[in-house]
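Asks: Right, I'll just put the structure down here and ask away after.
The values are calculated or read from the model by the stated rules, or taken from the named source; none is laboratory data. Keep in mind that what you see is a predicted model, and the values were worked out from it rather than measured. Here the Cβ positions follow ideal geometry from the backbone for every residue, glycine too, while neighbour counts run over all protein chains shown.
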Amino acid sequence: MRDLNVDQIKKLWVLDLIIQSGSLKKAALQAKVSPSAISQSLSSLEQSIGKPLLVRDRGSMLPTPDAMSILEVVRPAFAAFERLRDLQQTPAPQMSWLNFGTYESIAIDVLPGLILSLRERMPNLKLGLRVSRTANLLTMVRKGELCSALIT
């Protein structure tokens, strides 16, 4: 493998799926592609490496020593990718406070309904409100004194 690119990494991942699952069909299910696509990916990888990577014997697939030595190198990267995926699925922490600002007219007309809705969804949320004019509200947002400003 002279130049390792994203396509080659994907093909190595497919090889790993085949070996771990034991079949093209199961690997295809995991990869969410057709068995034909898995087979083509494997053939292309074997062609670029210049050696067979799997020995097919009566419905089973056994990795060649070359396949195992290649996977020994790339599996730590695949594990790192899995850890990144786990980080994305970590839920964001609940908001504990919200400071916002608005005009007096909005505070009187709109905020009671908004605050009621927020309280229903986040009963432990601490709310702070500043009533001012646009320029002052924007300055407070820029300085971090407010999370947001409701401005029309």
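Asks: Kindly list, by first and then second residue, each pair from a residue in region 80-100 that is part of a loop (DSSP other than H, G, I, E, B) and exposed (fewer than 10 other Cβ atoms within 10 Å of the Cβ) to a residue that is at pLDDT 70 or above and among the charged types (D, E, K, R), limited to pairs with Cβ atoms under 9 Å and residues at least 6 apart or on different chains.
Replies: That search, which allows pairs on different chains as well, returns Ser96/Lys126.
Asks: Still on this structure, please answer the following. Just give me the residues in region 107-137 being among the hydrophobic types (A, V, I, L, M, F, W, C), in contact with a helix residue (DSSP H, G or I) (Cβ under 9 Å, 6 or more places away or on another chain) and within 11 Å of Ala149 (Cα to Cα), in sequence order.
Replies: Selection gives Leu129, Val131.
Asks: Of these, Glu145, Glu120, Glu82, Glu104, which one is among the acidic types (Asp, Glu) and under 22 Å from Ala27 (Cβ atoms)? Steps first, please.
Replies: On the way: Glu145 fails: under 22 Å from Ala27 (Cβ atoms); Glu120 fails: under 22 Å from Ala27 (Cβ atoms); Glu104 fails: under 22 Å from Ala27 (Cβ atoms).
Step by step, each of Glu145, Glu120, Glu82, Glu104 is checked, and only Glu82 is among the acidic types (Asp, Glu) and under 22 Å from Ala27 (Cβ atoms).
Asks: Checking the structure you have, find out if any residue of region 39-51 is more than 13 Å from Trp13 (Cβ to Cβ), touching a residue at least 12 places away in the same chain (Cβ under 8 Å), in the same structural domain as Leu15 (by TED's automatic domain parsing) and in contact with an Asp or Glu (Cβ under 6 Å, 6 or more places away or on another chain).
Replies: Within region 39-51 (the criterion being more than 13 Å from Trp13 (Cβ to Cβ), touching a residue at least 12 places away in the same chain (Cβ under 8 Å), in the same structural domain as Leu15 (by TED's automatic domain parsing) and in contact with an Asp or Glu (Cβ under 6 Å, 6 or more places away or on another chain)), the answer is yes, since at least one residue qualifies.
Asks: Moving on to the next point. Anything in region 32-66 that is assigned to a loop (DSSP other than H, G, I, E, B) and basic (Lys, Arg)? List them, or say none.
Replies: To start, the set of residues in region 32-66 that are assigned to a loop (DSSP other than H, G, I, E, B) comprises 32-34, 50-53, 58-59, 64.
Residues satisfying the conditions are Lys32, Lys51, Arg58.
Asks: Also: If a residue must be surrounded by 10 or more Cβ atoms within 10 Å (Cβ to Cβ) and either modelled with pLDDT under 85 or of a type in the set (D, E, K, R) (or both), how many such residues does region 126-149 contain?
Replies: Taking region 126-149 and keeping what is surrounded by 10 or more Cβ atoms within 10 Å (Cβ to Cβ), we get 126-134, 136-141, 145-149.
In the following step, the residues that additionally are either modelled with pLDDT under 85 or of a type in the set (D, E, K, R) (or both) were identified as 126, 130, 133, 145.
Number satisfying all stated conditions: 4.
Asks: Among the candidates Ser69, Ser105, which residue alone is under 30 Å from Leu42 (Cβ atoms), in a helix (DSSP H, G or I) and of a type in the set (Ser, Thr, Tyr)?
Replies: Matching residue, one of Ser69, Ser105: Ser69.
Asks: Also, I was wondering about something else. Taking the options Ser60, Ser48, Ser41, name whichever one is modelled with pLDDT under 85, more than 21 Å from the chain's Cα centre (by Cα) and farther than 30 Å from Arg133 by Cα.
Replies: Numbers: Ser48 fails: modelled with pLDDT under 85; Ser41 fails: modelled with pLDDT under 85.
The conditions single out Ser60.
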